[in-house]
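Comments concern the structure below.
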Amino acid sequence: MKIKTKLRLGFGFLFVVVLFFGAVSLFYLNEISGSAKVILKDNYKTLKYTGAMRTLLDEHDLPLTQEVKTAFAKQLDLEQKNVTEKGEGEAVTALNAAYQQMTGPGSTIAQQSAAQRTIRAQLRTIEEVNMQAIVRKNDAAQASVSKATIYLVFAASISFLILFSFIVNFPGFVANPLQEFTEAIREISKKNYKQRLEFHNNDEFSELAAAFNGMAKQLNQWENSKLAEIKSEKLRIEAIIEQMDDAIVGLNEKQEVLFFNKVAGLLINLNPQQVIGQNATELARKNELLNRILNNSQKDNHLKIYADEKESYFQLESREIVIPNFDDQENNVLFAAGKSAGKVYILKNITQFKELDEAKTNFIATVSHELKTPLSSIKMSLKLLKDDRVGVMNKEQTELVEHISEDSDRLLKITSELLDLAQVETGNLQLNFVKSDPRKIADYALESVKLQAEQKAIQLELVSKNLLPSVYADVEKTAWVLINFLSNALRYSPEKSKVVIQVLQIGQNVEFSVKDFGKGIEDKYQQRLFDRYFQVPTDGNNKSGSGLGLAISKDFIEAEHGKIWVESAIGEGSRFCFSLPIAD
């Protein structure tokens with residue numbers, strides 16, 4: 001039977017019970033009403049008629065007038081038509097005879113008085129008969145009411161028991177199967193795919209149970225078929241992680257260790273078999289290296305660790321594990337497609353590359369240092385050639401000497417930059433911090449490029465206040481950065497243009513900037529300007545440098561706890577800036 005049919009039958013049954021109880025109540029109420037009507041209709045009228053006749057006799061003396069006789073006769077006639085009780089008819093007949101005698105022609109006053117007494121006696125008899133009838137009928141009506149009450153109480157009790165039984169049992173037809181479905185679904189959510197439902201009724205619940213059992217069977221087959229494959233893949237992944245040369249540590253979202261390969265165990269000095277499943281935060285409290293790995297906020301960081309009987313260098317990388325988000329989404333709120341399931345930390349051994357880098361740096365420093373001596377000799381020889389005491393050169397010879405001088409200056413500058421870069425890379429950068437006036441640093445830089453600006457007829461404009469707060473900085477290296485900015489601005493500015501130098505206080509910093517009005521730099525190149533050996537492509541009109549000046553400038557400024565950046569737009573020129581904190 002379908003659920004809809006069950007509901008219809010159940011509510012139809014309730015309707016029948018209510019209808020039955022209403023019919024019984026209506027029947028007995030009708031009986032009580034009928035009994036009450038009999039009392040009111042018959043006996044009440046008789047008492048009314050007798051009372052009217054008695055009033056006429058009481059209020060008028062004998063002999064009666066014709067008007068009184070007519071009224072009395074009328075009430076007597078109504079009473080004769082309303083005889084309903086046993087013994088009432090005889091009394092009414094005697095009443096009529098006495099009335100005829102009282103009102104008959106030729107009757108004396110004594111006869112009329114005697115007849116009047118008879119009339120009064122008969123009236124009392126009629127009243128007594130009707131009063132007794134009223135009492136009798138009232139008793140009968142009360143008995144009927146009591147009987148009806150008993151029947152109604154009985155019917156109400158039966159109806160109540162039926163309805164109560166219906167209320168208790170009928171919801172179970174729907175609620176019990178739903179409860180079984182709820183428990184079964186909970187078991188499925190616990191991956192108990194052997195859960196089954198058994199309903200033998202021919203209704204929707206049986207069909208739903210059959211579909212549920214089919215789903216559970218398919219899930220059980222999938223679980224059995226995929227479980228071995230998943231375990232095999234897990235073992236294969238663990239074997240791959242174990243054989244990797246890098247130290248790998250994997251944590252879940254609860255900071256529990258998921259995997260910890262052999263290399264990580266040797267490096268961090270922990271037993272991989274013992275730490276699996278333990279809380280990494282608790283382990284980090286007793287292991288300084290693990291604590292540094294877990295609490296490192298930088299994406300890529302270099303760590304120096306004693307390994308392989310020497311100081312080794314490692315690059316730390318962390319990757320977040322993201323899995324599809326299958327959590328319940330309430331209130332129809334759209335959530336992200338994935339959620340974090342933990343993190344993987346990888347320590348890559350870069351000792352070999354670090355050693356090669358140091359070898360490269362040492363080689364560059366050595367070569368640059370060795371080149372400075374012959375370059376200085378070349379500069380000295382060029383200076384002697386320009387001296388007229390050695391000999392007078394013709395025009396072509398003078399031009400050749402000038403070209404040689406420019407190229408030697410360029411080589412000398414490159415070797416100086418390479419030496420500075422080597423100092424930065426080896427950590428041997430020496431800074432002499434002193435409390436300095438920013439205006440004097442700017443004046444020193446301007447004086448150094450004054451001749452270069454005059455050759456291209458470029459106006460140098462300094463925008464600054466006379467009284468600026470001092471900064472703690474290395475004056476030589478800070479001025480070197482500013483000179484580098486100015487040299488680049490002069491190189492890429494057209495003749496007879498202007499270069500603006502600003503030195504201003506911005507909050508708790510002093511900002512130095514060099515603004516030119518050249519072609520500007522495209523956005524795609526601006527992010528790489530401060531990378532080593534990077535050069536912006538040119539049209540061939542300007543000689544490009546080594547690509548180290550801005551990179552070394554960045555190292556100098558950041559070593560002085562400052563910031564360096566560029567602002568540029570095509571057709572509007574460029575503005576190179578750096579800021580240094582104000583001295584306390």
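The values are calculated or read from the model by the stated rules, or taken from the named source; none is laboratory data. Computed from a predicted structure; not experimentally measured. All Cβ positions, glycine included, derive from the backbone under ideal geometry; neighbour counts span all protein chains shown.
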TODO: Check region 101-110 and report whether any residue there is under 17 Å from G51 (Cα atoms), out of contact with any helix residue (DSSP H, G or I) (no Cβ under 6 Å at 6 or more places or on another chain) and in the same structural domain as V18 (by TED's automatic domain parsing).
DONE: no
Open item on the list: Step by step: first the residues of region 177-203, then only those that are in a loop (DSSP other than H, G, I, E, B) and hydrophobic (A, V, I, L, M, F, W, C), then the one that is farthest from A216 (Cα to Cα). Which residue is that?
Closed with: F199
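Name the residue, out of Q527, Q505, that is in contact (Cβ under 8 Å) with a residue 40 or more places away in the chain, farther than 17 Å from Y444 by Cβ and out of contact with any Phe, Trp or Tyr (no Cβ under 8 Å at 6 or more places or on another chain). Please lay out each step first, then the result.
Numbers: Q527 fails: in contact (Cβ under 8 Å) with a residue 40 or more places away in the chain.
Checking each option against the conditions leaves just Q505.
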- [ ] Please give the number of the condition D407 fails out of (1) assigned to a helix (DSSP H, G or I); (2) of a type outside the set (F, W, Y); (3) surrounded by 14 or more Cβ atoms within 10 Å (Cβ to Cβ); (4) modelled with pLDDT of 65 or more.
- [x] (3)
Task: Filter result (part of a helix (DSSP H, G or I) and in contact (Cβ under 8 Å) with a residue 24 or more places away in the chain) within region 63-75 - done: K69, F72, A73, Q75
Task: Counted residues, region 176-206 - those being surrounded by 16 or more Cβ atoms within 10 Å (Cβ to Cβ) and over 35 Å from the mean Cα position of the chain (by Cα) - done: 4
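What are the residues in region 554-584 that are over 22 Å from Y525 (Cβ atoms) and under 44 Å from the mean Cα position of the chain (by Cα), if any?
A559, H561, G562, S579, L580, P581
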Open item on the list: Conditions first: (1) in a strand (DSSP E or B); (2) at pLDDT 80 or above. S340 passes all but one, so which condition is the exception?
Closed with: (2)
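Within region 134-156, how many residues turn out to be closer than 27 Å to V83 by Cα and of a type outside the set (A, V, I, L, M)?
Step one: filter region 134-156 for residues closer than 27 Å to V83 by Cα, giving 134-145.
Next, from what is left, pick out any that are of a type outside the set (A, V, I, L, M): 136-139, 142, 144.
Result for region 134-156: 6.
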Open item on the list: Tell me whether region 242-252 contains one or more residues that are of a type in the set (A, V, I, L, M), touching an Asp or Glu at 6+ places or on another chain (Cβ under 8 Å) and at pLDDT 75 or above.
Closed with: no
Open item on the list: Of the residues E127, E85, only one is acidic (D, E), assigned to a helix (DSSP H, G or I) and either closer than 28 Å to K45 by Cβ or at pLDDT 75 or above (or both); which?
Closed with: E127
- [ ] Check whether at least one residue in region 527-548 is at pLDDT below 90, of a type in the set (D, E) and in contact with a Leu (Cβ under 7 Å, 6 or more places away or on another chain), and report yes or no.
- [x] no
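Do the conditions hold for L123, that is, is it touching a Lys or Arg at 6+ places or on another chain (Cβ under 9 Å) and under 24 Å from A71 (Cα atoms)? Break it down stepwise before answering.
Values: touching a Lys or Arg at 6+ places or on another chain (Cβ under 9 Å): yes; under 24 Å from A71 (Cα atoms): yes.
Spelling it out, L123 is indeed touching a Lys or Arg at 6+ places or on another chain (Cβ under 9 Å) and under 24 Å from A71 (Cα atoms).
So which residues in region 348-397 are of a type in the set (S, T, N, Q), part of a helix (DSSP H, G or I) and modelled with pLDDT of 70 or more? So that I can check it myself, show each step before the final result.
Keep residues of region 348-397 that are of a type in the set (S, T, N, Q), which gives 349, 351-352, 361-362, 366, 368, 373, 376-377, 381, 394, 397.
With the extra rule that they be part of a helix (DSSP H, G or I), the set shrinks to 351-352, 361-362, 366, 368, 373, 376-377, 381, 397.
Once the filter is applied, which keeps residues that are of a type in the set (S, T, N, Q), part of a helix (DSSP H, G or I) and modelled with pLDDT of 70 or more, region 348-397 yields T351, Q352, S376, S377, S381, Q397.
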